[in-house]
Every structure is written in structure tokens, then in C-alpha cells.
């Protein structure tokens, strides 16, 4: 999450104030530090509170505290890390975007989104423009959809297969083929699909 310079300044001020005085500053003190009125200071504090950076009791004069690490709001943000091909692998495209999702997809900060490019996964009910929710902390189970990084070939989605002799990844899409585990690395398990209509 990116903060405005003023909000970063508020966060630093509250943190340092706690270190020095063992209590939170008042809104008036925050406003004085920023060179703004108490009402504007309150707006900055409320914005920080919505993003999970601080907590504050509604009528507590010195109740502002910094959350370290930030506590995600009830509808947390999950980063979109890039785009993945539906079918043939493509070069990874780095992105910086936050999408708010219900907490059901959050797995302790190991969940991220990938945007689908192409219609090769229509048979899997995954379409161009969809987001797949990926849990990087979950161990894959036979038959699950996984995100795989293919050595020198990009990233793709595939079905995880464990045939007891070796672990294979059946790549999804129009040209289905198996790739040995020695040529691919599982990045995470697909735990959901998000589609905007």
C-alpha cells in the first residue's frame, strides 16, 4: 500500500511520539506537527485507520497507536503480481496493483492474484480477463490447478499430477502437454477465480 507523503509523516510522528512519551499524540499535536488544523489531522488518521496502519479509540484523546505490521482491514488487499498465459507460456509481466477481496482468500500474506490472458482455459471455466487467486503457501494435491514457472519459458497454469514415479504438470489450454517437475516450479495453488462481468 502506498501512502501520501503527509500520511507517511503522520505515521512517523505517531511512532516516534510513542517511543518518546509512551502514549499517543493528540489530534492537535499531530496537526501542529503537520502545520494543519485538527480536523485535517483527523482525516489523515482516519485514512490510516481504514488502511490498517493505525488503531484509535473513538473518544480516546491519546489512543492512536501504530500497527506494526499493518493490520489489514476487514476487506483486505491482495496484490496483483502480473499476468499469466491461458495456454502457451508468456514472459511474465510485472504489475503493481492492489485488489480488495474478502478475507476468505487471505492465507497469511501468501495469497496473490494473476490476471488471465487468453481463452485457452474456457473448459476450466477460466476466461480472458479473469483473476485467479493463488495461495503460494499451500502444498499442491493431485488434480489441483497450479501456477507453474517453466525454466526459460515463462509462466502457465496446469493440473498437478503425482504418478508416484514423478510429479508431472499437465499444462492447461488448447495444446495440453505434460511437463516434468524437473523443468517446472510450482508457484502456488489456484484457490479461486474472480470474474468481473
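A compact table of results
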{"item": "Those residues of region 16-31 which are crowded, with 16+ Cβ neighbours inside 10 Å and more than 12 Å from residue 65 (Cα to Cα), in sequence order", "result": "27, 29, 30, 31"}
{"item": "Subset of region 140-152 (residues that are at pLDDT below 80 and surrounded by fewer than 16 Cβ atoms within 10 Å (Cβ to Cβ))", "result": "151, 152"}
{"item": "Contacts under 6 angstrom Cβ, first residue in region 112-126 being over 13 Å from residue 195 (Cα atoms), partner surrounded by fewer than 16 Cβ atoms within 10 Å (Cβ to Cβ) and at pLDDT 80 or above, 6 or more apart", "result": "118/128; 119/128"}
{"item": "Scan of region 48-65 for residues that are under 15 Å from residue 12 (Cβ atoms) and either out of contact with any strand residue (DSSP E or B) (no Cβ under 9 Å at 6 or more places or on another chain) or in a helix (DSSP H, G or I) (or both), ordered by number", "result": "48"}
{"item": "Residues that are in a loop (DSSP other than H, G, I, E, B) and crowded, with 16+ Cβ neighbours inside 10 Å, drawn from region 122-135", "result": "126, 130"}
{"item": "Matching residues, region 44-92, being surrounded by fewer than 18 Cβ atoms within 10 Å (Cβ to Cβ), more than 16 Å from the chain's Cα centre (by Cα), under 27 Å from residue 194 (Cβ atoms) and modelled with pLDDT under 75", "result": "88, 90, 91, 92"}
{"item": "Total residues in region 1-14, condition loosely packed, with under 15 Cβ neighbours inside 10 Å and either at pLDDT 90 or above or in a helix (DSSP H, G or I) (or both)", "result": "3"}
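The values are calculated or read from the model by the stated rules, or taken from the named source; none is laboratory data. Keep in mind that this is a model prediction, so the values were computed, not measured. All Cβ positions, even for glycine, are placed from backbone atoms using ideal geometry, and neighbour counts span all protein chains on display.
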